[in-house]
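Here's the structure we're looking at; comments come further down.
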Amino acid sequence: MAKPLIHLLLVHVAWLRFALLAGLLLGEPLAAAAKNRLLVVGPDSVGYDQVLTAINDELEDEFDIIHRRVDRETPYVDFERNILEVQPDLLVLMDNVTVSYYRFFQDRHRGRLKFPPAIVTMALFVDQSIQGMENVVGVRYEVPPIVSLTHLRALVENPVERVGVLYRAEHTNYFNDQKILCQREGIELVGYKVEVTFQKGSGEAAGKIFSKEIRNGLKYLLTTEDVDVLLVLNDNKLLNERDVRNVWLPRLKRYRKPIIVGVETLMDIPNFGNFGVLPDHYGLGQTVGNLAIEIKENDFVITVRGATNPHSVQKHLDRKFAKKYLEITAEMLNEVDVLR
Amino acid sequence: MKWLGMKRIFLWCLLIGGLPALCFGQQRPKVYAFLPSNVRPHALQTLVGREAPDVDITFFGRFREFEVQVLQNKPDAVLTFPMVVEYMSQSESLGFKPLIQGLKNEKTDEPYVLLAVDRQIEVNAIDQTAIGVVSLMGRRQMGHFLADKFKVGKISIKTVTKLEDLLSLLQFEDVDAILVPESRLEYYKQRSKLNLVITRLPDVSYRLPMMFVSPELKEESQKTLREALEKLEPKVSNLLGVDQWQNR
């Protein structure tokens, strides 16, 4: 008795799969819906919920919003099933895992399916992650220096004119773009390129050369150039645990000027970040909302290229450092989100 | 022994719970406020709370948050822009009535201007212009409201939650211009070294913030609220976007 039932079920699943694929191939949804469908895929954790809240707040009048949880533990097949089932008019991908799944999805179905436009957010280095993908645009997670620096300048009386930035050779283009943007605001970015060519030696030897380069860079920026502010980029390689402990901290211990960081953990290290400019997750969702409307109004065609910058930030300030070394009025402290 | 312990706890609770009631004589009127500002909501709450201890005021930084809390908790009063209450009243019977009106330069409305980088905005072609605005009522409603103000069928807007975020829209050229109240021009000019050019809009203004109260609110509480606003330090009133309060 059980055999025919299983058989029926399998036939039913096969039909459903066929119908869903046919729907995508024709570019028509199976059932007519009053609103366009927006599928959001990503984790459920803290931060993501804020983005999702903003997307709901901004777009609930315009779209039927469907959220499907996809994280590191979710198998790819579930991710694919979600897209095929929902057949979204617009897709929002939150984090790097969903981006890599969607890249695989595109490779797997290229030429057979029409890919809906997709917006990527909450992913690190979004410009690189979406490169080569079809119909995808991103909202950067990293706060651009121009935003961090304008906020700092508005808060304090201390000079914010020459700002030191340590960056790796791989990020030269990024640094140059930011330098131009900052110039418009009358801020000069003074860079030190950490460039190491590993010809010989073990990994440990190479690591030592790299550490030495960071040390030289910090010495150059803080002493030779005597910059007004040090801006630390979110670069895991420059900020590896060993170098933070052995190179950064000893050098920054006696530095009495603002050190801007873009992640909360660097604010937690004593004598490291004293001014944190972190992405505002609700604001990221709002930027996604702005892009979604733009795409919808353009008949679901993406006109913007690459990635958009985040507009909203959360400002964290080290209270003790500010009191001792910054010229800041009590009134301006009211513009800070978190005083630590 | 156990019973005595319980009795002691009960008496403590009575004492702690009863003290505020004895001090204030009655419950403080509960006010929800939504007035986007450069000052963070928690800081505004502290500043206003300090000057108006007889009022239980909560500031919200986002419209949706404010809307949900107002509908769920039904506060005694709300402090916000009249258009926000008007919009909320379209779908829910809130029944709030105006109590006190904010004024600036003795006027109940404030003119708004467009700020753009290096150029004036062609107001005749406003429907072709992308404008950054602080969202006061959700995106769709904000779009309708502004299209109405500019007397066009449709307007292209990008919304943000905080005043400071408008500047980022200009810095990255994501919009052609931002819409700001005239009184905030200095705020933007001080923050940025971009060449910000003003386009005056003779027909575009917003009604200034008002306090609305529930029709059931007792006259005594209404008086408390009126006095609290009227006694605010000019500096604090300015943060709320007004320089004077007028009874309605």
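Worth pointing out:
- Summed residue charge, Cβ within 12 Å of A:V336's Cβ, Lys/Arg positive, Asp/Glu negative: -1
- For the protein assembly as shown, the solvent-accessible area of protein heavy atoms averages 49 Å² per residue (probe radius 1.4 Å; ligands and nucleic acids excluded).
- Placing +1 on the Cβ of every Lys and Arg and -1 on the Cβ of every Asp and Glu, with no other charges, gives segment B:110-206 a dipole of roughly 160 debye about its Cα centre.
- Cα centroid of segment A:167-244 to Cα centroid of segment B:209-248, whole Å: 54
- Chain A packed on chain B takes about 3200 Å² of accessible surface away from a 1.4 Å probe, both sides summed.
- Lys-Lys pairs in segment B:110-206 that are eight or more residues apart or on separate chains and whose Cα atoms lie under 24 Å of each other come to 7.
- Under 16 Å from a label point set 7 Å out along the Cα-to-Cβ vector of A:E331, the amide N atoms of segment B:157-199 belong to B:183-191.
- At R0 = 30 Å, FRET efficiency that the Cβ-Cβ distance of A:E297 and B:Q90 yields, to 0.05: 0.80
- Base-10 log of normalised Debye intensity for the protein assembly as shown (one unit scatterer per alpha-carbon) at q = 0.06, 0.11 Å⁻¹: -0.39, -1.15
- Whether chain B is rounded, prolate or oblate, judged on the alpha carbon gyration tensor where a/c under 1.5 counts as rounded: prolate
- Extension gain from B:E233 to B:T46, taking 0.36 nm per residue of separation minus the Cα-Cα distance: 66.0 nm
- Stretchable slack from A:N236 to A:K219, in nm (0.36 nm times residue separation minus alpha-carbon distance): 4.1 nm
- Relative contact order (%) - chain B, alpha-carbon pairs under 8 angstrom, separation at least six: 29
- Averaged over B:164-177, number of beta-carbon atoms from partner chains that fall within 10 Å: 5
- Formal net charge of residues neighbouring A:V160 (Cβ-Cβ distance under 12 Å; K, R +1; D, E -1): -1
- Taking Cβ atoms as reference points and 12 Å as the exclusive limit, the residues near A:P43 contribute a net charge of -2, counting Lys and Arg as +1 and Asp and Glu as -1.
- On Cα atoms only, tilt of B:82-91 relative to the major axis of chain B in degrees: 80
- Relative intensity, log₁₀ I(q)/I(0), of chain A from a Debye sum that treats every alpha carbon as a point, q = 0.10, 0.11, 0.12 Å⁻¹: -0.70, -0.81, -0.92
- The stretch between A:E85 and A:S100 holds 3.5 nm of extra length on full extension. This uses 0.36 nm per residue minus the Cα-Cα distance.
- In Å, descending, principal axis extents of the Cα set of segment B:118-219: 54, 34, 23
- Portion, in percent, of the accessible area of segment B:110-206 that falls on carbon or sulfur, probe 1.4 Å: 43
- Taking Cα atoms only, the orientation of helix A:172-184 departs from the longest principal axis of chain A by about 70 degrees.
- Taking every residue in A:293-299 and counting other chain Cβ atoms within 10 Å of its Cβ, the average works out to 2.
- 0 to 90° range, to nearest 10: angle between helix A:76-86 axis and chain A longest Cα axis: 60
- Label-to-label distance, B:D118 versus B:Q27, with points set 7 angstrom from Cα along the beta-carbon direction: 5.9 nm.
- Model label sites at A:R319 and B:L71, defined 7 Å from Cα along the beta-carbon direction, differ in position by 3.7 nm.
The values are calculated or read from the model by the stated rules, or taken from the named source; none is laboratory data. Not measured: the values here are computed from a predicted model. All Cβ positions, even for glycine, are placed from backbone atoms using ideal geometry, and neighbour counts span all protein chains on display. Ligands, DNA and RNA are excluded from the accessible area calculation, which covers all protein heavy atoms including side chains. Shrake-Rupley method; radii C 1.70, N 1.55, O 1.52, S 1.80 Å.
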